[in-house]
Amino acid sequence: MRAIPALALGALVLPLSALAADPHSYAQPEQVRVTHLDLDLAIDFPHKALDGTATLSLDWKNPKAPALVLDTRDLKIAKVEGLDAAGRATALKFALAPRDKELGSKLTIQAPKHPGKVRIVYATSPQASGLQWLTPAQTADKKLPFMFSQSESIHARSWVPLQDSPAIRFTYKAHVTAPKDVRVVMSALNEATHPLDGDFRFDQPHPIPSYLLAIAAGDIAVKETGPRSAVYAEPSVVGKAAHEFEDTEKLIEATEKLYGPYAWGRYDILVLPPSFPYGGMENPDMTFATPTVLVGDKSLVSLVSHELAHSWSGNLVTAASWRDIWLNEGFTTYVQGRITEAVYGKTLADEEALLSARALQKSIGKMPENSQKLAPDPRGVGADDSLSDVAYDKGSWFLRTLEQRFGRATFDQWLKAYFHRHAFTSITTEQMLADMKAHLFDPHPGKMSWDEAKAWVYEPGIPKDAPLPTSARFQKIDEERASFLEGTLDAAQLDAKGWNTQEWMYFLDRLPDAPPLSKMKQLDAAWHLTGTPNAEIGMRWYSHAIAAGDRNVWEDAREHMTRIGRMYLTLPVYKAFAATPEGLAYAEAAYAKAKDGYHPMTQGAIESILRKARQGKK
Ligand SMILES: [Zn+2]
């Protein structure tokens, strides 16, 4: 997934009793495991619900297990049946426990006779945390309603009753009905030529963890971008998206050259409406992506490299729990850099590595010690919270350090073999470390001590000798920024005409938190940053200008945060407003108007910022 909000979504302390293999799931995989899922669902736009059945194929591990325990959140369960080998159904008793704020409701199904399959008749609720429902007016083309899922981290349970833990993998098939003219897509092989007749079937033959279950439906057109890739998006967006993503086949080929064949068949990208709360989501065969990367010059295409990299790190080899999520995100951010280097050159790859390292240096000291560790103690860390800068940026920094110490050829050989050895399995940090010790450290002694490797993983902070890439262009920007702030260089004299998105991001990231108002006004007069269509630049510009006290940017800032639901790009602007009483009142009014267009996750995160600010004022 990319990218994450820079603040916690509310860390919830988990009870000790929940500390089994995966503290974020009620599932008991040592008793029984789901091996396959058959979904039969109707998309009901007027009621904002998915309605139908989930049939789970089971592998009973303990001959004495009395029950099947599943994860659910806000599901309405109508009936549960056991199915025997001949398909005969017997009603099963079930109990839905009271709703836990983070984990949802534990569903216990009495099944002492161990049926091979269990069928659950259910419907989702309009508030399902993993689904967003948009009216036609909330879409780009305003013709049909739109819906999409976001299952990572523990939101699949809000639309399918299942063992919602990344340690458990299953294959799935689905039959989905929808109104005519609506196209339905899922995290499985999709057919571009499928008739829009309201009746869709899907097959994902590879075992996947539940957080990679995905569905979307709406007014969706298709445009091919290569022999095994296409872009899916609303008709008015699809052409622009196909242009921005025209290098997709090149990216796939570059990754295959580094880490072996792409295992999933097709690599398609669905561009969602602007309310999608993340940058991208690596749903197998069909990446879900934010439209905020469609800036026209391919400068933010590293998002595709990131989601594509997950086809190896994350989807092929999966972190067994949310505490281990850096195995997905740190490895993926490293691989993303290698793909960028292979296709767009080392200058851009180094710039992106520096941006991420500098941002981490700034943020890590403000985090609790436990959250600064790659493999934290999961007690007290919510599943959504584990997706922090540490997992992405410290994780990839560790791998870049290993590459430097062992040499690129040796490190590449290990990483490629690691993906191969653990393909289609879910592993813990400790299993990865055992592999790394046996296959990288032991055969190549004297490159790095094992204690040093363990410090990267289990200690807070960033090791002192962590190597940083150099960038001549970033160095020049540092010098110009300093001269500009000192007053020896006018804003108009900045050599910014040719700056790409990353270079603007770097310039703005390292301004003082609350720069002098006069400096902000000079910058805007010279470079017209207010009103920028580039949301990466907009988020940084508005945050700094609001902090400097520049009221002239407020209305454009409000337009930015109303238009964009991607949390990473909208939350910092809310936070900047929330720092003063007048700003807070303005942001609250803006939120009241924009709320219906935001995803439930974005709503929760904004409400938390506003609530904290209001309490701070009392
Ligand atoms: Zn990711």
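The values are calculated or read from the model by the stated rules, or taken from the named source; none is laboratory data. What you see is a predicted model, and the numbers here were worked out from it, not measured in a lab. As a convention, Cβ positions derive from the backbone with ideal geometry for all residues, glycine included, and neighbour counts pool all protein chains shown.
Things to note:
- Just one of the listed residues (309, 342) is in contact with a helix residue (DSSP H, G or I) (Cβ under 6 Å, 6 or more places away or on another chain), surrounded by fewer than 24 Cβ atoms within 10 Å (Cβ to Cβ), modelled with pLDDT of 95 or more and under 21 Å from residue 261 (Cα atoms), namely 342.
- If you go through the range 451-500 and keep only what is closer than 23 Å to residue 365 by Cβ, in contact with a Ser or Thr (Cβ under 9 Å, 6 or more places away or on another chain) and modelled with pLDDT under 95, you end up with just 465.
For every residue, the table says whether it meets (1) part of a loop (DSSP other than H, G, I, E, B); (2) more than 14 Å from the ligand (Cβ to nearest atom); (3) farther than 18 Å from residue 343 by Cβ; (4) without any contact (Cβ under 8 Å) to a residue 12 or more places away in the chain.
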| position | (1), (2), (3), (4) |
| --- | --- |
| 250 | no, yes, no, no |
| 254 | no, yes, no, no |
| 278 | yes, no, yes, no |
| 308 | no, no, no, no |
| 311 | yes, no, no, no |
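- The one condition in (1) farther than 21 Å from residue 290 by Cα; (2) away from the ligand (no atom under 11 Å from the Cβ); (3) touching a Gly at 6+ places or on another chain (Cβ under 7 Å) that residue 352 fails to fulfil: (1)
- Residue count, the range 578-614 (criterion: more than 24 Å from residue 133 (Cβ to Cβ) and either modelled with pLDDT under 95 or outside any helix (DSSP H, G or I) (or both)): 3
- Each residue in the range 411-452 was checked for being among the polar types (S, T, N, Q), under 26 Å from the mean Cα position of the chain (by Cα) and either part of a helix (DSSP H, G or I) or more than 16 Å from residue 314 (Cβ to Cβ) (or both), and 2 of them qualify.
- Any hit, the range 292-299, residues being in contact (Cβ under 8 Å) with a residue 40 or more places away in the chain, within 15 Å of the ligand (Cβ to nearest atom), in a helix (DSSP H, G or I) and not polar (S, T, N, Q): yes
- Elements of the type helices (runs of 4 or more DSSP H) sitting completely within the range 456-573 and holding at least 3 residues that are within 24 Å of the chain's Cα centre (by Cα) and touching a residue at least 12 places away in the same chain (Cβ under 8 Å): these cover 501-509, 535-548, 554-563.
- Residue satisfying all of: in the range 313-343; charged (D, E, K, R) and more than 11 Å from the ligand (Cβ to nearest atom); farthest from the chain's Cα centre (by Cα) among these: 341
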